[in-house]
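Below is one structure, written out as structure tokens, with a few remarks after it.
The values are calculated or read from the model by the stated rules, or taken from the named source; none is laboratory data. From a predicted model like this one, the values you see are computed outputs, not experimental measurements. Cβ sites come from the backbone with ideal geometry, for glycine too, and all protein chains shown count toward neighbours. Heavy atoms of the whole protein, side chains included, go into the accessibility calculation; ligands, DNA and RNA do not. Shrake-Rupley method; radii C 1.70, N 1.55, O 1.52, S 1.80 Å.
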Amino acid sequence: MGLGPRSLHKAGRRVPAGGKGGRGAKGSGRPPPGRQRPPDRSSEPAPDAHPHLSPEALEYFRQALSALKEAPETGEERELMVHNVLKEVEAQALALATNRTGSEIMQELLGFSPLKPLCRVWATLRSNFRLVACHRCGMHVWQSALLQLPRLLRSPTEKAEEDVEEEEDGKDGPMETLEELVLGLASEVCDDFLFYCGDTHGSFVVRTLLQVLGGTLLESERARHRGSQSPEAQRAPAREGRPTDFEVPETFLNRLQDLSSCFLKDIAVFITDKISSFCLQVALQILHRKLPQFCAQLCSAVIGYLSSRNPSADGSPLLLFLRDQTSSRLLEQVLLVLEPLRLQSLFEDHFQGQLQTLAAHPIANFPLQRFLDAVTTPELLSPVFEELSPALEAVLAQGHPGVVIALAGACRKVGAHQARVLQLLLEAFHCAEPSSRQVACVPLFATLTAYEVYYGLAEEEGAVPAEHQVEMAAARALGEVTVLGSLLLQHLLHFSSPGIVLRSLGALTGPQLLSLAQSPAGSHVLDAVLTSPSVTRKQRRRVLKTLKGQYVALACSRHGSRVLDAIWSGAALGARKEIAAELGERNQELIRDPFGHHVARNVALTTFLKRREAWEQQQGAVAKRRRALNSILED
């Protein structure tokens, strides 16, 4: 296992602290009062402002973390190891937090921490809060400490620590509870709110603090700290995020209200400053879920401020900010959290008559997409559709397909204008006339390519479009499926009448449908076929029968194997026999494949090949349970 608990404890006491000692010198606490603008981004302390972590100490913590990972998940030995290591973390918290490798180790160690050790480490770091929170490494430590709250608030009260520890806790007075520590941290942030929100590193801590106080973790925000999102994904935070709620004390929500008031005091800064604006965007998402009245106040403040700036005869001043890189991102979030009536008023007062101009703008088209995502009523969708629909082909030609996908999504959600938007899409992709071309719509939509371009035709302008050539289409491999093209097809498959799209899917050859299923984006189109309530069982079977003969290739693909699992889950016993029989012919190949062997296990392929009767009884029982569950859900 490596280091045992006793060696961890003893070695830890001998680890050189380096610099100014284990706990480090106390920081200054906060910047001078009276600051009215966001600070200079170079606010990080000089390298000598914090203790140095010696190589011996770093190696100790590295070995300690490795030992904890290898130790059993429960037991007295593990508890003692955790206790000993975290005592050393407490002693050298500042040096660890401000060291690049040390901070990474410390973040992982905090994930092992019980309640009391975390409180002690927290209290140690709190005395140097500004130094650590505004440090490029230290900010991640504070984030990690805050993100332990959901785990520790859910767990029951922990048993009393050893008497020695209780004595140590009492040396400097009673130890604060976790709730008191969080509230104290929030108070310190509140006192210098503009500074921390405007600091490149400190703003991350503020965003995490807002989530913890509101009892909501935003997946998109966690991904952003990890740097795992592409620029395109970052443009739509709420669309991708799946918030996770957890219970928090009432005092947390009260403190969240205090912080929301801080935004109102300097609303101009939070609208125009890029770094500070991120904090307001997160606050809007949290408040929308937990304190909607305060969310509405912030939205009104943002819209009111922007609407009063730079008045011009060309239209609402708000339109100018939709074209600005910083304020447009904030407006995207405002649009997503506005109440329907307020959204309707915003459209009538500011957006009406300007939608095509916004759709053509390289920046303003993004908040327009969020506006379309937020539309939930026929009363709002109808005027929006009438204004935007004549320009769909032009918007696609300008390279802004996200607007078209968002409009299709609004039609799906509201349940209106679906036939019209589908017809306009067929026309935009040049496959409406002659009608024989409609069978090619799926490859065109998936790749976001016009008919002539996709098939390499040289048609002169004004010439009569040629009929669709089935042989030509069958001989062409499926083009690369785009994410937005996949989203468009998913929306269309959830329309009330997806017949045209289903006929086009049914016209694909086996290799073409296989390519769609194996594509990271295209595989979700097959998911929509399997899950859409608008697709009947007969239509679903007609599309999926093309995959016969392709099951092994599906099973041996990362994304195709997931599609095959989904097909299997919804298949009747007869269809399961066909799938298992085809897979069984190449059983050894499946077993050797990293994805195929999971499919073989899911299908119970060994049982199918060796004990067919037992397999059929097992699958029959599974089908019976599934039918019973479906009948319960339908009731």
Per residue accessible area of the stretch 47-113, 1.4 Å probe, in Å²: 43 Å²
Where the stretch 445-597 is the region considered: accessible area per residue in Å², 1.4 Å probe: 48 Å²
Projected label distance in nm at GLU339 and LEU152, using a 7 Å step from Cα toward the beta-carbon: 3.8 nm
Amide H contacts under 5 Å for THR216, placed H, 5+ residues apart: PHE246
Hz values of 3J(HN,Hα) by residue in the stretch 254-261 - Karplus curve (6.51, -1.76, 1.60), Gly and Pro given as x: 5, 5, 4, 4, 4, 5, 5, 5
Extreme residue, positive dipole direction of the stretch 455-552, given options SER532, PHE495, GLN512 (C-beta unit charges): SER532
Cβ-Cβ FRET estimate between LEU80 and VAL622, R0 fixed at 45 Å, reported to 0.05: 0.45
Rounded percent of accessible protein surface that carbon and sulfur make up, the stretch 440-506, 1.4 Å probe: 56 percent
Gain in span if fully extended, SER436 to SER66, counting 0.36 nm per residue against the direct Cα distance: 126.8 nm
Residue-wise HN-Hα coupling along the stretch 102-107, computed from phi with Karplus coefficients 6.51, -1.76, 1.60 (Hz; x: Gly, Pro): x, 5, 5, 5, 5, 4
Carbon plus sulfur fraction of accessible area for the stretch 52-127, probe 1.4 Å, in percent: 49 percent
Built amide H within the under 5 Å cut-off of HIS52, gap 5+: GLY19, LYS20
Computed E for GLU108/ARG420 - FRET, C-beta separation, R0 60 angstrom, nearest 0.05: 0.65
For the stretch 533-546, 3J(HN,Hα) per residue [Karplus equation, 6.51 cos²θ - 1.76 cosθ + 1.60, θ = phi - 60°, Hz, x = Gly/Pro]: x, 7, 9, 6, 4, 5, 5, 5, 5, 5, 6, 6, 5, 5
Label point 7 Å beyond Cα of ARG611 along Cβ direction - residues of the stretch 565-586 with amide nitrogen under 16 Å: none
Amide hydrogen neighbours beyond the local backbone of ASN128, cut-off 5 Å, H modeled: GLY27
